[in-house]
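The values are calculated or read from the model by the stated rules, or taken from the named source; none is laboratory data. What you see is a predicted model, and the numbers here were worked out from it, not measured in a lab. Methodologically, a virtual Cβ is constructed for each residue, glycine included, from the backbone with ideal geometry; neighbour enumeration extends over all protein chains shown.
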């Protein structure tokens, strides 16, 4: 048997088991012919799909994928959120997935496949091993986590080795004499004392350019010069096909066999060589050349249609009607992260905290317009914060309120503006009511307060006061 699904595994079947034995133990067993070449092709396509997370991706036959997310995790909200997004997307496509991040490829492989947390359902299918804790994380795992051949594992078990910590306590020389260099090498790779390179996958249909050097490069100035050449080559290829780059990966191959990378993204398709090269140059300081860079490889991993546009000279007396801010947005996003650069867009909702959402900074305008007849604060608190207020019921504004131990006496007030719950969206808001007041204190500060409930029916709210925003 080449593989067994979850139902077969629950019946005691396992990969490598003789097919005749499996059919004898489970009458009526469903059998499908193995297709190793098709499986390898599917794994390569899955690895290429993972390029959305990092430029350094490689298939790990027969059923795994390596991702080197160094310097990329913050673009996806951190390492844990990256893993959860990856696993969720795989499961949405019908693929059972587990994922782990660790200091070394061997440790990540071991934790993802053998750690009890990663074998649980739900969010437990991901785990991030903190930096510097690789040894303790590997110690309780079975020796099968070290990617050793079945006959070697069986020999080790006969000698009493069950866990990685037991094997790590044995001097390397006896292990090498008895089992050859593989056992000690796998153990050292997992612990990080021996470097294990990952050869990144590059789909052949992506626009790319590569330069190899006779003498290794060591300086940022040399990197910038080579980068400009690579970007011009990519942009020329994109211009021929009427396309523009949305994401570029610059891969540095070091003399010692390791690989480092940079990734930039653009808000709109672009083939402006000067602009793209500048975005990459701003990140060159992150590259550690070590003993030198022997090759640089630029890949346009995400492209989009960018047709040629006819430019027109401005006639006398005419002026440009718009300003393209996409160049500025690109620089901000690549420096701060795409999640920190956004603009607010209106949403059709009467509930204030649902009436606005974050959209990409250069997203096209939405059909929903901002309300012009309803004054709203420029800053909302999420969630609204409770305050202690003194007011006459049912429709009078507060005379004073205390927020964060500071008492504010109200000098002017306007309201109430009644906002009811959206019962068609949430069943719990069937009869909820908020009465909002715009108030100004003696210092001239203006606040947006609301009382929960209409003061008549207790079902509408408990009459507590909250601060929701500032004008």
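Per the listing 65, 111, the residue uniquely crowded, with 18+ Cβ neighbours inside 10 Å and either closer than 23 Å to residue 301 by Cα or assigned by TED's automatic domain parsing to the domain that holds residue 264 (or both) is 65.
Taking residues in the stretch 191-205 that are within 21 Å of residue 51 (Cβ to Cβ), and partners anywhere that are assigned to a loop (DSSP other than H, G, I, E, B), the pairs with Cβ atoms closer than 7 Å and at least 6 places apart or on different chains are 196/104; 197/257; 197/258; 200/55. Beta carbons closer than 6 Å, at least 6 apart along the sequence or on distinct chains, never pair a first residue in the stretch 411-430 that is not assigned by TED's automatic domain parsing to the domain that holds residue 447 with a second that is at pLDDT 85 or above and in a loop (DSSP other than H, G, I, E, B). When the stretch 23-43 is limited to residues that are in a helix (DSSP H, G or I) and over 34 Å from the mean Cα position of the chain (by Cα), the one that is nearest to residue 201 (Cα to Cα) turns out to be 23. Set side by side, the residues 107, 112, 137 differ, and just one is touching a strand residue (DSSP E or B) at 6+ places or on another chain (Cβ under 6 Å), closer than 27 Å to residue 55 by Cβ and part of a helix (DSSP H, G or I), which is 112. Applying the set (1) closer than 28 Å to residue 333 by Cα; (2) surrounded by fewer than 20 Cβ atoms within 10 Å (Cβ to Cβ) to residue 56 leaves exactly one unmet item: (2). For the stretch 76-99, the criterion of being within 21 Å of residue 199 (Cβ to Cβ) and assigned to a strand (DSSP E or B) is satisfied by at least one residue. Restricting attention to the stretch 437-458, which residues are surrounded by 21 or more Cβ atoms within 10 Å (Cβ to Cβ) and assigned to a strand (DSSP E or B)? Across the stretch 437-458, the qualifying residues are 437, 439, 447, 448, 449, 450, 451. Checked against (1) assigned to a helix (DSSP H, G or I); (2) closer than 23 Å to residue 71 by Cα, residue 157 passes all but condition (2). Taking the options 130, 197, 203, name whichever one is outside any helix (DSSP H, G or I), surrounded by fewer than 17 Cβ atoms within 10 Å (Cβ to Cβ) and touching a helix residue (DSSP H, G or I) at 6+ places or on another chain (Cβ under 7 Å). Checking each option against the conditions leaves just 203.
Filtered by the rule that a residue be under 16 Å from residue 249 (Cβ atoms) and in contact with a helix residue (DSSP H, G or I) (Cβ under 6 Å, 6 or more places away or on another chain), the stretch 68-103 gives 73, 76. Evaluated against (1) without any contact (Cβ under 8 Å) to a residue 24 or more places away in the chain; (2) crowded, with 17+ Cβ neighbours inside 10 Å, residue 159 falls short on exactly one condition, (2). Among the residues making up the stretch 244-264, a single one is touching a strand residue (DSSP E or B) at 6+ places or on another chain (Cβ under 6 Å) and surrounded by fewer than 17 Cβ atoms within 10 Å (Cβ to Cβ): 255. Is it true that some residue in the stretch 277-295 is touching a helix residue (DSSP H, G or I) at 6+ places or on another chain (Cβ under 8 Å), crowded, with 20+ Cβ neighbours inside 10 Å and in a strand (DSSP E or B)? Within the stretch 277-295, one or more residues are touching a helix residue (DSSP H, G or I) at 6+ places or on another chain (Cβ under 8 Å), crowded, with 20+ Cβ neighbours inside 10 Å and in a strand (DSSP E or B). For residue 230, state whether it is out of contact with any helix residue (DSSP H, G or I) (no Cβ under 7 Å at 6 or more places or on another chain) and either under 18 Å from residue 283 (Cβ atoms) or part of a strand (DSSP E or B) (or both). Spelling it out, residue 230 is indeed out of contact with any helix residue (DSSP H, G or I) (no Cβ under 7 Å at 6 or more places or on another chain) and either under 18 Å from residue 283 (Cβ atoms) or part of a strand (DSSP E or B) (or both).
Regarding the stretch 361-374, can at least one residue be identified that is surrounded by 14 or more Cβ atoms within 10 Å (Cβ to Cβ), assigned to a strand (DSSP E or B) and touching a residue at least 12 places away in the same chain (Cβ under 8 Å)? For the stretch 361-374, residues surrounded by 14 or more Cβ atoms within 10 Å (Cβ to Cβ), assigned to a strand (DSSP E or B) and touching a residue at least 12 places away in the same chain (Cβ under 8 Å): absent.
Check whether at least one residue in the stretch 25-43 is surrounded by 11 or more Cβ atoms within 10 Å (Cβ to Cβ) and touching a strand residue (DSSP E or B) at 6+ places or on another chain (Cβ under 9 Å), and report yes or no. The answer is yes, given that some residue of the stretch 25-43 is surrounded by 11 or more Cβ atoms within 10 Å (Cβ to Cβ) and touching a strand residue (DSSP E or B) at 6+ places or on another chain (Cβ under 9 Å).
Report, by residue number, each residue of the stretch 44-75 that is in a strand (DSSP E or B) and more than 20 Å from residue 247 (Cβ to Cβ). Answer for the stretch 44-75, where residues must be in a strand (DSSP E or B) and more than 20 Å from residue 247 (Cβ to Cβ): 59, 60, 64.
How about the stretch 393-409: which of its residues are in a strand (DSSP E or B) and either within 19 Å of residue 452 (Cα to Cα) or free of Cβ contacts under 8 Å to residues at least 24 places away in the same chain (or both)?
Once the filter is applied, which keeps residues that are in a strand (DSSP E or B) and either within 19 Å of residue 452 (Cα to Cα) or free of Cβ contacts under 8 Å to residues at least 24 places away in the same chain (or both), the stretch 393-409 yields 398, 399, 400, 401, 402, 403, 406, 407.
Got at least one residue in the stretch 73-91 being surrounded by fewer than 17 Cβ atoms within 10 Å (Cβ to Cβ), over 17 Å from the mean Cα position of the chain (by Cα) and free of Cβ contacts under 8 Å to residues at least 40 places away in the same chain? Looking for residues that are surrounded by fewer than 17 Cβ atoms within 10 Å (Cβ to Cβ), over 17 Å from the mean Cα position of the chain (by Cα) and free of Cβ contacts under 8 Å to residues at least 40 places away in the same chain, one finds none in the stretch 73-91, hence no.
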